[in-house]
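Enquirer: Right, I'll just put the structure down here and ask away after.
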Amino acid sequence: MGVLVLDRSLRIQYANASAAAIFSFDAERVRGMHLLRAVPNIELERRVLDALRGEASVAPLVLPDHAMQRTYRISVTPLEPKETPGVVIFADDQTELARSQRASREFLSNVSHELRTPLSSVKLMLETVAGSRDDETRDLFVPQALTEIDRLASLVGRLLEQARTESGRLKLNLSEIDLEEVARQTLASFEPQALRKGVGLHVHALRPVRAEVDRERLSQVIVNLVDNALRHTSKGGSVIVEVDAQGNEAILRVRDTGEGIPYRDLPHIFERFYVADRSRARESGGAGLGLAIVKGIVDAHEGFISAESALASGTAITIRLPIMHARAP
């Protein structure tokens, strides 16, 4: 925690090493220096002047730190005894806490939005059916209402899954499995969808690889990645699942020839509720949770996930997992 002691003229009498790091000055050289010269922040000066009048304060203060902003909890308190008036400042870095609180607010806002829309649709449809005796109206709106309910159930399930991965309560049932076998079995369930879209599905195994993973969770990873790739790949394109090994790592890569991800969005795609094109998310059914869940599962396996993409050139998601052994082809 940073500590600064000022006299009644707002000149620095003492500064510890933490205060020097927080406010970016040399602790020895600032002794006797006016606060505003050492820390050019009008808000902090105002609070120090209030403290000299006997008004202590505790509040956050945002300060620049090179390329980013950091949030500090600043406590400004009058010094005792009265004969030597002055002020002591305590500064505690709260950047991560502030970021966590901001993420929680955004999470609640996004959850509310994602739940409110289908609930409103279901309510409107059922009200229409209840107010009509027309069988055609019922036949039109009841299936739509059921579809929205299914979407709600799916969203709630993904939210629970995301909560488990973030809380560290994701339990893994590890066993030695053949990655190519799991990839082919999982990919088979997408063949009807791919056929309807006119998109090719392929598995490329560069070498047979066995790894110690949770088979069900790995299937879930492939499902999320392939589903995402299919939604963003147009007719005539392809989705490829590659299996390989490098050193002590098993490599699983899902590559598509789709629309790609804008450069500015690429660093954020594994964040929950992050959607690069929200205008198309509703149409495609994406809520921005799939890749966040995938990352949680990969992290639980002590693996690593990364993404490469370019607009109109497709996307490749690469997963590296600890390996048991790989056999040369």
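Enquirer: Quick one: which of 224-237, 248-261, 22-35 comes out on top by average Cβ neighbours within 10 Å, and what's the full order, highest first?
Expert: 248-261, 224-237, 22-35
Enquirer: Further, regarding this structure: May I ask you to sort R133, R37, R320, R272 by Cβ crowding, counting other Cβ atoms within 10 Å and putting the fewest first?
Expert: R133, R37, R320, R272
Enquirer: On to the next question. How would region 174-326 be classified by its alpha-carbon gyration tensor: rounded, prolate or oblate, with rounded meaning a/c under 1.5 and the a/b versus b/c comparison settling the rest?
Expert: The shape class here is prolate.
Enquirer: Another question about this same structure. Peptides 202-211, 134-143: what's the order by average Cβ count within 10 Å, highest mean first?
Expert: The most tightly packed comes first, giving 202-211, 134-143.
Enquirer: Can you give the FRET efficiency to the nearest 0.05 for S313 and R8, using r as the Cβ-Cβ distance and R₀ = 41 Å? Don't skip to the answer; put the middle values down first.
Expert: Details: r = 65 Å, r/R0 = 1.59.
That pair, S313 with R8, gives E of 0.05.
Enquirer: For the peptides 11-18, 212-219, what is the packing order when you average, over each peptide's residues, the other Cβ atoms within 10 Å and list the highest mean first? Walk me through the intermediate numbers first.
Expert: Details: 11-18: 17.2, 212-219: 19.1.
Peptide ranking by packing, descending: 212-219, 11-18.
Enquirer: Let me ask something else about it. What whole-number distance in Å separates the alpha-carbon centres of region 228-270 and region 26-65?
Expert: Cα centroid of region 228-270 versus Cα centroid of region 26-65: 50 Å apart.
None of the figures in this text is laboratory data; all of them are computed from the coordinates on show. Quantities reported herein were computed from a predicted structural model and do not represent experimental measurements. Glycine gets a Cβ as well: all are built from the backbone with ideal geometry, and neighbour counts include every protein chain shown.
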